[in-house]
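Here the structure is laid out as C-alpha coordinates; the discussion comes afterwards.
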Amino acid sequence: MTAKRLHPAALLYFCYQTTKNALGWLLIMLVFNLDMLKSPWFWWIALGLLLLVITASAIKYWRFTYEMNDLELSINSGLLFQKHLHIAYSKIQTMQTQQWFYLRPFGLVSLQIETSGHSEDKAEAVLPVISRAIVEQIQELRFPKQQSIPNETANPRVESQPDDSASLSSETQPDETKSPSTVSRPVKIGAHYRIKWDDLNLYALTSLAFLPLLLGLVTIYNRVSDTVPQKYLDSALTFVAHESLLVLSSLLFITLLLSLLFSYLLVINRYFHFELVQEGKRLKTSRGLMQTKEVATPVKKVQAVISSQTLLRQWLKLATVEAVLASQAGSDEKDEAGLVLLPVLKRSQVLVQTSRFVSWLPAKEPHVFMTAEGGRWRIIRNAVWFPAVVTLASAILFWPYGLLGLLVVLYACLCGVYSARNNGLSQGQGNLLVAKTARFLSRKTFFLPREKIQAVTLKQTVWMKKAGLTTVELTLRAGNSARYVEVRYLSTQVAQAVYRWYRQGG
(Lines give C-alpha, C1' and ligand atoms only; values in the text may rest on other atoms or scores of the structure.)
Protein backbone atom coordinates (compact mmCIF):
# COMPACT_ATOMS: atom_id res chain seq x y z
CA MET A 1 0.00 0.00 0.00
CA THR A 2 1.20 3.53 -0.77
CA ALA A 3 2.71 5.36 2.20
CA LYS A 4 0.56 8.18 3.58
CA ARG A 5 1.66 11.43 5.16
CA LEU A 6 0.20 13.28 8.10
CA HIS A 7 -2.09 16.24 7.61
CA PRO A 8 -0.12 19.45 6.78
CA ALA A 9 -1.23 20.84 10.16
CA ALA A 10 1.24 18.36 11.67
CA LEU A 11 3.97 20.85 10.71
CA LEU A 12 2.78 23.02 13.60
CA TYR A 13 2.98 20.02 15.93
CA PHE A 14 6.58 19.26 14.93
CA CYS A 15 7.48 22.96 15.20
CA TYR A 16 6.07 23.06 18.72
CA GLN A 17 7.95 19.91 19.81
CA THR A 18 11.23 21.07 18.27
CA THR A 19 10.87 24.59 19.70
CA LYS A 20 10.22 23.19 23.17
CA ASN A 21 13.45 21.18 23.03
CA ALA A 22 15.43 24.11 21.59
CA LEU A 23 14.17 26.52 24.26
CA GLY A 24 15.33 24.11 26.93
CA TRP A 25 18.91 24.26 25.66
CA LEU A 26 18.69 28.04 25.20
CA LEU A 27 17.53 28.56 28.78
CA ILE A 28 20.37 26.38 30.07
CA MET A 29 22.85 28.53 28.13
CA LEU A 30 21.33 31.72 29.53
CA VAL A 31 21.40 30.44 33.11
CA PHE A 32 25.15 29.91 32.96
CA ASN A 33 25.88 33.00 30.83
CA LEU A 34 23.43 35.88 31.27
CA ASP A 35 25.82 38.21 29.45
CA MET A 36 24.66 36.58 26.20
CA LEU A 37 21.60 38.85 26.30
CA LYS A 38 23.87 41.89 25.95
CA SER A 39 25.89 40.38 23.13
CA PRO A 40 25.16 41.68 19.58
CA TRP A 41 25.33 38.05 18.43
CA PHE A 42 22.43 36.96 20.61
CA TRP A 43 19.69 37.83 18.12
CA TRP A 44 21.65 36.24 15.28
CA ILE A 45 21.90 33.08 17.36
CA ALA A 46 18.15 33.23 18.08
CA LEU A 47 17.41 33.70 14.37
CA GLY A 48 19.66 30.77 13.52
CA LEU A 49 17.84 28.59 16.06
CA LEU A 50 14.50 29.62 14.57
CA LEU A 51 15.61 28.64 11.06
CA LEU A 52 17.00 25.38 12.44
CA VAL A 53 13.67 24.63 14.15
CA ILE A 54 11.68 25.26 10.96
CA THR A 55 14.06 23.16 8.86
CA ALA A 56 14.13 20.26 11.35
CA SER A 57 10.32 20.32 11.65
CA ALA A 58 9.90 20.23 7.87
CA ILE A 59 12.30 17.27 7.59
CA LYS A 60 10.49 15.42 10.41
CA TYR A 61 7.17 15.96 8.71
CA TRP A 62 8.49 14.84 5.33
CA ARG A 63 10.10 11.66 6.70
CA PHE A 64 7.07 10.72 8.83
CA THR A 65 4.87 8.31 6.88
CA TYR A 66 2.54 5.46 7.73
CA GLU A 67 1.02 2.51 5.88
CA MET A 68 -1.98 0.32 6.57
CA ASN A 69 -2.67 -3.13 5.21
CA ASP A 70 -4.95 -5.96 6.28
CA LEU A 71 -2.58 -7.20 9.00
CA GLU A 72 -0.59 -4.33 10.45
CA LEU A 73 0.10 -0.63 10.75
CA SER A 74 3.58 0.54 9.76
CA ILE A 75 5.05 3.88 10.88
CA ASN A 76 8.25 5.35 9.45
CA SER A 77 9.87 8.30 11.23
CA GLY A 78 13.22 9.86 12.09
CA LEU A 79 15.13 13.06 11.45
CA LEU A 80 18.48 11.55 10.42
CA PHE A 81 18.03 7.82 10.95
CA GLN A 82 14.82 6.23 9.72
CA LYS A 83 12.90 4.21 12.28
CA HIS A 84 10.39 1.58 11.15
CA LEU A 85 7.66 0.48 13.55
CA HIS A 86 5.32 -2.39 12.64
CA ILE A 87 2.23 -2.93 14.81
CA ALA A 88 -0.04 -5.90 14.19
CA TYR A 89 -3.71 -5.08 14.72
CA SER A 90 -4.07 -8.16 16.93
CA LYS A 91 -1.44 -6.74 19.32
CA ILE A 92 -3.13 -3.37 19.82
CA GLN A 93 -4.51 -3.14 23.36
CA THR A 94 -5.85 0.41 23.58
CA MET A 95 -6.32 3.37 21.27
CA GLN A 96 -6.68 6.89 22.60
CA THR A 97 -7.54 9.99 20.57
CA GLN A 98 -7.14 13.62 21.59
CA GLN A 99 -8.69 16.56 19.78
CA TRP A 100 -8.15 20.21 20.69
CA PHE A 101 -11.06 22.56 20.05
CA TYR A 102 -9.25 24.34 17.19
CA LEU A 103 -8.90 21.02 15.31
CA ARG A 104 -12.60 20.11 15.50
CA PRO A 105 -13.69 22.12 12.42
CA PHE A 106 -11.13 20.18 10.38
CA GLY A 107 -11.94 16.74 11.82
CA LEU A 108 -8.32 16.20 12.94
CA VAL A 109 -7.19 14.20 15.97
CA SER A 110 -4.05 12.82 17.60
CA LEU A 111 -3.95 9.02 17.93
CA GLN A 112 -1.99 7.13 20.61
CA ILE A 113 -1.60 3.35 20.38
CA GLU A 114 -0.54 0.87 23.07
CA THR A 115 0.30 -2.77 22.37
CA SER A 116 0.58 -5.92 24.49
CA GLY A 117 4.39 -5.61 24.48
CA HIS A 118 4.34 -2.02 25.68
CA SER A 119 6.50 -1.38 28.77
CA GLU A 120 6.98 2.40 28.93
CA ASP A 121 4.79 5.13 30.36
CA LYS A 122 4.29 6.84 27.01
CA ALA A 123 2.35 5.42 24.07
CA GLU A 124 4.26 3.07 21.78
CA ALA A 125 3.04 4.80 18.63
CA VAL A 126 1.63 8.29 18.03
CA LEU A 127 0.07 9.67 14.86
CA PRO A 128 0.07 13.37 15.83
CA VAL A 129 -2.39 14.91 13.35
CA ILE A 130 -4.61 12.68 11.22
CA SER A 131 -8.22 12.74 10.09
CA ARG A 132 -10.85 10.91 12.10
CA ALA A 133 -11.55 8.79 9.02
CA ILE A 134 -8.10 7.21 9.39
CA VAL A 135 -8.85 6.33 13.03
CA GLU A 136 -12.13 4.72 12.01
CA GLN A 137 -10.34 2.80 9.28
CA ILE A 138 -7.85 1.39 11.80
CA GLN A 139 -10.73 0.45 14.11
CA GLU A 140 -12.46 -1.37 11.27
CA LEU A 141 -9.30 -3.32 10.53
CA ARG A 142 -9.02 -4.25 14.22
CA PHE A 143 -12.71 -5.06 14.71
CA PRO A 144 -14.45 -5.55 11.35
CA LYS A 145 -18.02 -4.29 11.44
CA GLN A 146 -19.10 -7.36 9.55
CA GLN A 147 -17.73 -10.63 10.87
CA SER A 148 -18.06 -13.86 8.95
CA ILE A 149 -20.29 -16.53 10.42
CA PRO A 150 -20.33 -20.06 8.98
CA ASN A 151 -23.59 -20.92 7.27
CA GLU A 152 -24.98 -24.23 8.45
CA THR A 153 -26.25 -25.10 4.98
CA ALA A 154 -22.96 -24.40 3.21
CA ASN A 155 -19.81 -26.42 2.75
CA PRO A 156 -18.89 -27.90 6.16
CA ARG A 157 -15.19 -27.36 5.47
CA VAL A 158 -15.72 -23.66 6.17
CA GLU A 159 -16.46 -24.47 9.83
CA SER A 160 -12.88 -25.58 10.39
CA GLN A 161 -11.50 -22.12 9.59
CA PRO A 162 -10.62 -19.83 12.55
CA ASP A 163 -12.92 -16.93 13.16
CA ASP A 164 -10.08 -14.44 12.63
CA SER A 165 -9.23 -15.69 9.16
CA ALA A 166 -12.87 -15.77 8.15
CA SER A 167 -13.31 -12.22 9.37
CA LEU A 168 -10.25 -11.09 7.45
CA SER A 169 -11.34 -12.66 4.20
CA SER A 170 -14.80 -11.15 4.38
CA GLU A 171 -13.30 -7.70 4.95
CA THR A 172 -10.67 -7.75 2.23
CA GLN A 173 -12.57 -9.35 -0.62
CA PRO A 174 -14.93 -7.34 -2.83
CA ASP A 175 -18.63 -7.84 -2.27
CA GLU A 176 -19.08 -9.80 -5.48
CA THR A 177 -16.36 -12.31 -4.53
CA LYS A 178 -17.53 -13.06 -0.97
CA SER A 179 -18.27 -16.68 -0.25
CA PRO A 180 -21.98 -17.52 -0.18
CA SER A 181 -21.29 -19.64 2.89
CA THR A 182 -21.06 -16.59 5.16
CA VAL A 183 -23.54 -14.08 6.47
CA SER A 184 -22.75 -10.71 8.06
CA ARG A 185 -23.19 -9.72 11.67
CA PRO A 186 -22.72 -6.16 12.98
CA VAL A 187 -20.68 -5.44 16.09
CA LYS A 188 -23.01 -5.41 19.09
CA ILE A 189 -23.55 -2.03 20.77
CA GLY A 190 -24.36 -2.66 24.42
CA ALA A 191 -24.90 -0.41 27.43
CA HIS A 192 -24.61 3.34 27.07
CA TYR A 193 -24.15 6.14 29.62
CA ARG A 194 -23.93 9.90 29.15
CA ILE A 195 -23.53 12.26 32.04
CA LYS A 196 -26.33 14.73 32.69
CA TRP A 197 -25.59 18.37 33.33
CA ASP A 198 -27.01 18.19 36.87
CA ASP A 199 -24.71 15.25 37.68
CA LEU A 200 -21.67 16.98 36.16
CA ASN A 201 -22.44 20.15 38.08
CA LEU A 202 -22.78 18.17 41.32
CA TYR A 203 -19.53 16.32 40.60
CA ALA A 204 -17.67 19.61 40.06
CA LEU A 205 -19.14 21.28 43.14
CA THR A 206 -18.14 18.36 45.39
CA SER A 207 -14.60 18.17 44.02
CA LEU A 208 -11.73 18.83 46.44
CA ALA A 209 -9.32 19.82 43.67
CA PHE A 210 -9.12 23.33 45.12
CA LEU A 211 -6.94 22.05 47.97
CA PRO A 212 -3.95 21.28 45.70
CA LEU A 213 -4.51 24.69 44.09
CA LEU A 214 -4.15 26.40 47.47
CA LEU A 215 -0.97 24.44 48.14
CA GLY A 216 0.25 25.51 44.71
CA LEU A 217 -0.35 29.16 45.61
CA VAL A 218 1.71 28.71 48.77
CA THR A 219 4.51 27.14 46.73
CA ILE A 220 4.40 30.00 44.21
CA TYR A 221 4.59 32.52 47.06
CA ASN A 222 7.67 30.79 48.46
CA ARG A 223 9.35 30.85 45.04
CA VAL A 224 8.47 34.50 44.45
CA SER A 225 9.65 35.56 47.90
CA ASP A 226 13.09 34.15 47.09
CA THR A 227 13.44 36.30 43.96
CA VAL A 228 11.63 39.55 44.85
CA PRO A 229 13.83 42.19 46.57
CA GLN A 230 13.43 42.24 50.34
CA LYS A 231 12.25 45.88 50.43
CA TYR A 232 9.15 45.00 48.41
CA LEU A 233 8.36 42.07 50.71
CA ASP A 234 8.77 44.31 53.77
CA SER A 235 6.43 46.86 52.20
CA ALA A 236 3.80 44.19 51.51
CA LEU A 237 4.06 42.80 55.06
CA THR A 238 3.73 46.31 56.49
CA PHE A 239 0.59 46.87 54.44
CA VAL A 240 -0.93 43.60 55.66
CA ALA A 241 -0.03 44.36 59.28
CA HIS A 242 -1.86 47.71 59.20
CA GLU A 243 -5.03 46.40 57.58
CA SER A 244 -8.06 45.42 59.60
CA LEU A 245 -9.17 41.87 60.27
CA LEU A 246 -12.13 42.43 57.94
CA VAL A 247 -9.86 43.27 54.99
CA LEU A 248 -7.61 40.27 55.64
CA SER A 249 -10.63 37.98 55.95
CA SER A 250 -11.98 39.36 52.68
CA LEU A 251 -8.68 38.67 50.90
CA LEU A 252 -8.64 35.13 52.26
CA PHE A 253 -12.26 34.60 51.23
CA ILE A 254 -11.60 35.90 47.69
CA THR A 255 -8.57 33.60 47.35
CA LEU A 256 -10.62 30.61 48.48
CA LEU A 257 -13.50 31.56 46.17
CA LEU A 258 -11.19 31.89 43.15
CA SER A 259 -9.64 28.50 43.95
CA LEU A 260 -13.10 26.91 44.13
CA LEU A 261 -14.13 28.55 40.85
CA PHE A 262 -10.95 27.44 39.08
CA SER A 263 -11.38 23.90 40.43
CA TYR A 264 -15.01 23.86 39.26
CA LEU A 265 -14.04 24.98 35.74
CA LEU A 266 -11.26 22.37 35.56
CA VAL A 267 -13.69 19.55 36.34
CA ILE A 268 -16.29 20.88 33.89
CA ASN A 269 -13.63 21.13 31.18
CA ARG A 270 -12.35 17.60 31.83
CA TYR A 271 -15.67 15.72 32.01
CA PHE A 272 -17.82 17.81 29.67
CA HIS A 273 -20.13 15.51 27.66
CA PHE A 274 -18.67 12.43 29.36
CA GLU A 275 -19.87 9.28 27.62
CA LEU A 276 -19.31 5.55 28.19
CA VAL A 277 -20.30 3.02 25.53
CA GLN A 278 -19.94 -0.75 25.37
CA GLU A 279 -19.05 -1.84 21.84
CA GLY A 280 -18.85 -5.62 21.68
CA LYS A 281 -16.04 -6.58 24.03
CA ARG A 282 -14.70 -3.03 24.30
CA LEU A 283 -15.38 -0.06 26.55
CA LYS A 284 -15.14 3.38 24.97
CA THR A 285 -15.12 6.67 26.87
CA SER A 286 -15.29 10.19 25.49
CA ARG A 287 -14.94 13.46 27.43
CA GLY A 288 -13.61 17.00 27.36
CA LEU A 289 -14.51 20.55 26.35
CA MET A 290 -11.29 22.27 25.26
CA GLN A 291 -9.69 18.94 24.39
CA THR A 292 -11.84 15.91 23.59
CA LYS A 293 -10.29 12.60 24.64
CA GLU A 294 -11.54 9.19 23.53
CA VAL A 295 -10.24 5.92 24.97
CA ALA A 296 -11.15 2.45 23.71
CA THR A 297 -10.00 -0.57 25.72
CA PRO A 298 -11.01 -4.26 25.85
CA VAL A 299 -13.09 -5.30 28.86
CA LYS A 300 -10.56 -8.06 29.57
CA LYS A 301 -7.96 -5.38 30.39
CA VAL A 302 -10.01 -4.30 33.44
CA GLN A 303 -8.09 -5.56 36.47
CA ALA A 304 -10.40 -4.17 39.15
CA VAL A 305 -13.31 -1.80 39.65
CA ILE A 306 -13.09 0.87 42.36
CA SER A 307 -15.90 2.81 44.01
CA SER A 308 -14.40 5.89 45.68
CA GLN A 309 -15.89 8.52 47.99
CA THR A 310 -14.50 11.61 49.64
CA LEU A 311 -15.97 12.56 53.00
CA LEU A 312 -18.15 15.23 51.37
CA ARG A 313 -19.52 12.83 48.76
CA GLN A 314 -20.03 10.21 51.43
CA TRP A 315 -22.33 12.60 53.29
CA LEU A 316 -24.20 13.21 50.03
CA LYS A 317 -24.29 9.43 49.31
CA LEU A 318 -22.43 9.87 46.01
CA ALA A 319 -19.62 7.79 44.51
CA THR A 320 -17.22 7.70 41.56
CA VAL A 321 -16.51 4.46 39.69
CA GLU A 322 -13.06 3.88 38.25
CA ALA A 323 -11.44 0.91 36.49
CA VAL A 324 -7.86 -0.21 37.03
CA LEU A 325 -6.45 -1.15 33.61
CA ALA A 326 -3.47 -3.17 32.46
CA SER A 327 -2.54 -0.22 30.25
CA GLN A 328 -1.79 3.49 30.51
CA ALA A 329 -5.14 4.50 28.99
CA GLY A 330 -6.72 7.28 31.04
CA SER A 331 -3.84 7.34 33.52
CA ASP A 332 -3.57 11.13 33.20
CA GLU A 333 -6.74 11.41 35.28
CA LYS A 334 -5.21 9.94 38.43
CA ASP A 335 -1.81 9.39 39.95
CA GLU A 336 -2.37 5.69 39.49
CA ALA A 337 -3.25 4.03 36.23
CA GLY A 338 -7.04 4.07 35.96
CA LEU A 339 -9.99 5.04 33.82
CA VAL A 340 -13.08 6.81 35.14
CA LEU A 341 -16.17 4.84 34.12
CA LEU A 342 -18.93 6.72 35.94
CA PRO A 343 -17.93 10.14 37.35
CA VAL A 344 -20.80 10.48 39.81
CA LEU A 345 -23.84 8.43 40.82
CA LYS A 346 -25.72 7.36 43.93
CA ARG A 347 -23.74 4.94 46.09
CA SER A 348 -26.63 2.49 46.07
CA GLN A 349 -26.52 2.39 42.24
CA VAL A 350 -22.81 1.60 41.85
CA LEU A 351 -23.16 -2.15 41.23
CA VAL A 352 -26.47 -1.81 39.39
CA GLN A 353 -25.09 0.63 36.81
CA THR A 354 -21.50 -0.61 36.54
CA SER A 355 -22.49 -4.26 36.05
CA ARG A 356 -24.09 -3.20 32.73
CA PHE A 357 -20.55 -2.63 31.43
CA VAL A 358 -18.48 -5.10 33.50
CA SER A 359 -20.34 -8.40 33.65
CA TRP A 360 -18.35 -10.08 36.45
CA LEU A 361 -19.50 -7.57 39.07
CA PRO A 362 -21.99 -8.96 41.62
CA ALA A 363 -25.56 -7.77 41.92
CA LYS A 364 -25.07 -7.21 45.65
CA GLU A 365 -21.97 -6.34 47.65
CA PRO A 366 -20.84 -9.37 49.70
CA HIS A 367 -20.23 -9.26 53.44
CA VAL A 368 -16.97 -7.56 54.37
CA PHE A 369 -15.04 -8.36 57.56
CA MET A 370 -13.81 -5.09 59.03
CA THR A 371 -10.66 -4.45 61.06
CA ALA A 372 -10.54 -6.44 64.28
CA GLU A 373 -11.14 -4.61 67.56
CA GLY A 374 -7.49 -4.85 68.57
CA GLY A 375 -6.41 -3.41 65.24
CA ARG A 376 -8.45 -0.22 65.26
CA TRP A 377 -6.47 1.53 67.96
CA ARG A 378 -3.25 0.47 66.18
CA ILE A 379 -4.38 2.26 63.01
CA ILE A 380 -5.16 5.39 65.05
CA ARG A 381 -1.80 5.09 66.84
CA ASN A 382 0.10 4.85 63.55
CA ALA A 383 -1.66 7.95 62.24
CA VAL A 384 -1.10 10.08 65.36
CA TRP A 385 2.36 9.28 66.77
CA PHE A 386 4.51 11.18 64.25
CA PRO A 387 2.44 14.45 64.27
CA ALA A 388 2.33 14.22 68.07
CA VAL A 389 6.13 13.97 68.35
CA VAL A 390 6.63 16.88 65.93
CA THR A 391 4.05 19.00 67.79
CA LEU A 392 5.70 18.28 71.13
CA ALA A 393 9.10 19.33 69.80
CA SER A 394 7.60 22.47 68.22
CA ALA A 395 5.84 23.41 71.46
CA ILE A 396 9.12 23.17 73.37
CA LEU A 397 11.18 25.09 70.83
CA PHE A 398 8.60 27.66 69.72
CA TRP A 399 6.34 28.19 72.74
CA PRO A 400 3.45 29.02 72.55
CA TYR A 401 3.13 29.06 68.74
CA GLY A 402 4.16 25.43 68.50
CA LEU A 403 0.85 24.48 70.11
CA LEU A 404 -0.82 25.17 66.76
CA GLY A 405 0.47 21.74 65.82
CA LEU A 406 -2.33 20.31 67.96
CA LEU A 407 -4.63 21.04 65.02
CA VAL A 408 -2.51 18.71 62.91
CA VAL A 409 -2.67 16.07 65.64
CA LEU A 410 -6.46 16.41 65.74
CA TYR A 411 -6.66 16.02 61.95
CA ALA A 412 -4.39 12.96 62.09
CA CYS A 413 -6.57 11.45 64.80
CA LEU A 414 -9.71 11.98 62.70
CA CYS A 415 -7.99 10.36 59.70
CA GLY A 416 -6.98 7.41 61.87
CA VAL A 417 -10.51 6.90 63.22
CA TYR A 418 -11.95 7.21 59.70
CA SER A 419 -9.44 4.71 58.29
CA ALA A 420 -10.08 2.23 61.11
CA ARG A 421 -13.83 2.33 60.48
CA ASN A 422 -13.48 1.84 56.70
CA ASN A 423 -10.92 -0.96 56.46
CA GLY A 424 -12.00 -4.50 55.64
CA LEU A 425 -11.94 -7.53 53.35
CA SER A 426 -14.41 -10.18 52.24
CA GLN A 427 -13.48 -13.85 52.62
CA GLY A 428 -13.83 -14.41 48.90
CA GLN A 429 -17.12 -15.57 47.40
CA GLY A 430 -17.00 -17.29 44.04
CA ASN A 431 -14.31 -15.61 41.96
CA LEU A 432 -14.60 -12.14 43.48
CA LEU A 433 -12.87 -10.44 46.39
CA VAL A 434 -13.98 -7.12 47.92
CA ALA A 435 -11.51 -4.90 49.77
CA LYS A 436 -12.16 -1.61 51.57
CA THR A 437 -9.47 0.94 52.40
CA ALA A 438 -9.44 4.56 53.57
CA ARG A 439 -6.88 7.34 53.62
CA PHE A 440 -7.05 11.08 54.35
CA LEU A 441 -10.85 11.06 54.85
CA SER A 442 -11.44 9.30 51.52
CA ARG A 443 -12.47 5.68 51.15
CA LYS A 444 -12.31 3.16 48.31
CA THR A 445 -14.05 -0.15 47.70
CA PHE A 446 -12.17 -2.55 45.39
CA PHE A 447 -13.91 -5.31 43.43
CA LEU A 448 -11.20 -7.78 42.40
CA PRO A 449 -11.62 -10.91 40.23
CA ARG A 450 -9.44 -13.76 41.45
CA GLU A 451 -7.75 -14.27 38.07
CA LYS A 452 -6.65 -10.61 38.01
CA ILE A 453 -4.94 -10.69 41.42
CA GLN A 454 -1.22 -11.17 40.84
CA ALA A 455 -0.29 -12.05 44.43
CA VAL A 456 -1.64 -12.24 47.98
CA THR A 457 0.82 -11.50 50.79
CA LEU A 458 0.20 -11.96 54.52
CA LYS A 459 2.20 -9.67 56.85
CA GLN A 460 2.50 -10.25 60.58
CA THR A 461 4.89 -8.94 63.23
CA VAL A 462 5.61 -10.73 66.50
CA TRP A 463 3.22 -8.44 68.39
CA MET A 464 0.51 -8.84 65.73
CA LYS A 465 0.85 -12.63 65.99
CA LYS A 466 0.23 -12.50 69.73
CA ALA A 467 -2.86 -10.34 69.13
CA GLY A 468 -4.16 -12.61 66.34
CA LEU A 469 -3.90 -9.85 63.70
CA THR A 470 -2.64 -10.02 60.10
CA THR A 471 -2.28 -7.48 57.29
CA VAL A 472 -3.24 -8.64 53.78
CA GLU A 473 -1.56 -7.09 50.74
CA LEU A 474 -3.08 -7.66 47.28
CA THR A 475 -1.01 -7.04 44.15
CA LEU A 476 -2.64 -5.91 40.89
CA ARG A 477 -1.30 -4.93 37.53
CA ALA A 478 -1.93 -1.23 36.91
CA GLY A 479 -0.62 0.24 33.69
CA ASN A 480 2.96 -0.92 33.25
CA SER A 481 3.59 -1.36 36.97
CA ALA A 482 1.98 -2.85 40.06
CA ARG A 483 -0.64 -1.47 42.41
CA TYR A 484 -0.86 -2.65 45.99
CA VAL A 485 -4.05 -2.80 48.04
CA GLU A 486 -3.26 -3.16 51.74
CA VAL A 487 -5.94 -4.10 54.25
CA ARG A 488 -4.50 -3.75 57.73
CA TYR A 489 -5.04 -5.53 61.03
CA LEU A 490 -7.57 -8.17 60.06
CA SER A 491 -8.15 -11.20 62.22
CA THR A 492 -5.77 -14.01 61.31
CA GLN A 493 -8.71 -16.35 60.57
CA VAL A 494 -10.07 -14.00 57.89
CA ALA A 495 -6.62 -13.46 56.38
CA GLN A 496 -5.93 -17.21 56.21
CA ALA A 497 -9.34 -17.81 54.62
CA VAL A 498 -8.57 -15.26 51.89
CA TYR A 499 -5.17 -16.86 51.29
CA ARG A 500 -6.73 -20.33 50.92
CA TRP A 501 -9.40 -18.93 48.58
CA TYR A 502 -6.72 -17.42 46.36
CA ARG A 503 -4.67 -20.65 46.24
CA GLN A 504 -7.74 -22.66 45.23
CA GLY A 505 -7.95 -20.64 42.04
CA GLY A 506 -4.33 -21.34 41.05
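The values are calculated or read from the model by the stated rules, or taken from the named source; none is laboratory data. Predicted model, so just to flag it, every value in this text is computed and none were measured. Positions of Cβ are backbone-derived with ideal geometry, glycine not excepted, and every protein chain shown enters the neighbour counts.
Would it be correct to say that GLN278 is in contact with a strand residue (DSSP E or B) (Cβ under 7 Å, 6 or more places away or on another chain), over 26 Å from SER481 (Cβ atoms) and outside the structural domain of LYS122 (by TED's automatic domain parsing)? So GLN278 fits the description; yes. None of GLN493, GLN427 is modelled with pLDDT under 90 and under 23 Å from HIS367 (Cβ atoms) except GLN427. Across the range 254-283, the qualifying residues are those that are closer than 19 Å to ILE113 by Cβ and surrounded by 18 or more Cβ atoms within 10 Å (Cβ to Cβ), and the one among them that is modelled with the lowest pLDDT is ARG282. If the condition is being of a type in the set (Ser, Thr, Tyr) and assigned to a helix (DSSP H, G or I), then the range 445-494 contributes only THR492.
In the range 43-60, the residues that are of a type in the set (A, V, I, L, M, F, W, C) form Cβ pairs under 7 Å with partners that are not in a helix (DSSP H, G or I), at six or more places apart or across chains, as follows: ALA56/LEU79; ILE59/LEU79. Only one of (1) in contact (Cβ under 8 Å) with a residue 24 or more places away in the chain; (2) closer than 27 Å to PHE357 by Cα fails for ARG439. Which number is that? Tallying (1) in contact (Cβ under 8 Å) with a residue 24 or more places away in the chain; (2) closer than 27 Å to PHE357 by Cα, ARG439 fails exactly one: (2). Residues of the range 346-379 that are surrounded by fewer than 14 Cβ atoms within 10 Å (Cβ to Cβ), within 16 Å of PRO449 (Cα to Cα) and small (Gly, Ala, Ser): SER359, ALA363. Is there a residue being modelled with pLDDT under 85 and farther than 20 Å from CYS15 by Cβ anywhere in the range 95-112? So far as the range 95-112 goes, no, none of its residues is modelled with pLDDT under 85 and farther than 20 Å from CYS15 by Cβ. All of ALA296, ALA363, ALA304 fail the test of being in a strand (DSSP E or B), under 17 Å from PHE447 (Cβ atoms) and of a type in the set (A, V, I, L, M, F, W, C), apart from ALA304.
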